[in-house]
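See below for the structure under consideration.
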Amino acid sequence: MSPRAYNSPDRTRAATDTRARIVAAAAASLGTVQGIGAFSLQAVAAKAGVTRLTVYNQFGSRRALLEAVFDDMAARGGLHRIPAAMAGPDPQAGLLKIIAIFCDFWSFGRDALGPLHAAGAGDPELGASLGERNERRRRLLAVLVGRMAAGRKLRRKALSDLVDVLFALTSLQFFSQLTAQGRSAKAASELIQGLARDAVRRAMQQETAPGGGWRFPSRA
């Protein structure tokens, strides 16, 4: 008879604590002057006080560890509020909530996210991870725009353009520009919300183009 696997609560708790310590060490490594250039399983293991094998067993790859760091930042930065914002009956109200949520998140992660986005241009693995996460934001916006356009005969290009405009307005880069001279995150959020309202109003006034109404952009 083969022995049954048994995980005690203490062992499970220890594994959870170890994982959290590794994620914290990885985030701290990314925040150093060396940043992504010195980011490796070995370097994170040394910082967390564990072996490289422990890090590998927990995450399996450098990319998976990066994803875990981003997931942790997202949870602590308030992105867990997105499903509730998307579930509301009014898509325009949902859009304003999504803008506020991302402005809070950009403000929370300002010191780490700016350098990471810059480093993504020279690191394919990091760039791919950041790009995929940005595309999730685009897809959220496309869903909201699709709901706004439901039952209306509107120009497909106008609504596709609207998704692109909203994507730019909700980006870290746009938020950083608005807050560079000391503007608060709340004030920046209100400005972006006003710009988004104007963009939505203009798009919703477009007449139907030949060939039909709105459909989601293929890249979403």
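Can you tell me the relative contact order of the chain? Whole percent, Cα pairs under 8 Å, sequence separation 6 or more. Let's see the in-between values first.
Working: 199 pairs, mean separation 40.9, N = 220.
Once normalised by length, the contact order is 19 percent.
From the phi angles alone, apply the Karplus equation (6.51, -1.76, 1.60; θ = phi - 60°) to the stretch 175-186 and give each ³J(HN,Hα) in whole Hz, x where the residue is Gly or Pro.
4, 5, 5, 5, 9, 4, 9, x, 5, 6, 4, 5
Answer with one residue from Pro9, Ala64, Leu162: the one whose Cα lies farthest towards the positive end of the charge dipole of the chain, charges on Cβ with Lys, Arg +1 and Asp, Glu -1.
Leu162
When the Karplus curve 6.51 cos²θ - 1.76 cosθ + 1.60 is applied with θ = phi - 60°, which whole-Hz ³J(HN,Hα) does each residue of the stretch 142-156 get, with x for Gly and Pro?
4, 4, 5, 5, x, 5, 4, 8, 4, x, 10, 9, 10, 5, 4
With every protein chain kept in place and ligands, DNA and RNA left out, what is the accessible area per residue of the chain? Probe 1.4 Å, answer in Å².
About 55 Å² of surface per residue is accessible.
For the chain, with all protein chains present and a 1.4 Å probe, just round the carbon and sulfur fraction of the accessible area to a whole percent.
After summing per-atom areas, the C and S share lands at 55 percent.
Which trypsin sites (Lys or Arg not before Pro) does the stretch 136-178 hold that lie in a coil by DSSP with at most 14 other beta carbons within 10 Å?
Arg152, Lys153
Counting each DSSP H run of 4 or more residues in the chain as -39500 (n - 2.57), what helix-only mean residue ellipticity at 222 nm follows after dividing by all residues, to the nearest 500 deg cm²/dmol?
Values: 11 runs with 156 residues, N = 220.
Calculated mean residue ellipticity at 222 nm is -23000 deg cm²/dmol.
The values are calculated or read from the model by the stated rules, or taken from the named source; none is laboratory data. Predicted model only: the values in this text are computed from it and were never measured. Note that each Cβ is placed from the backbone with ideal geometry, even for glycine, and that neighbours are counted across all protein chains shown. Just so you know, the surface numbers come from the protein's heavy atoms only, side chains and all, with ligands and any DNA or RNA stripped out. Shrake-Rupley method; radii C 1.70, N 1.55, O 1.52, S 1.80 Å.
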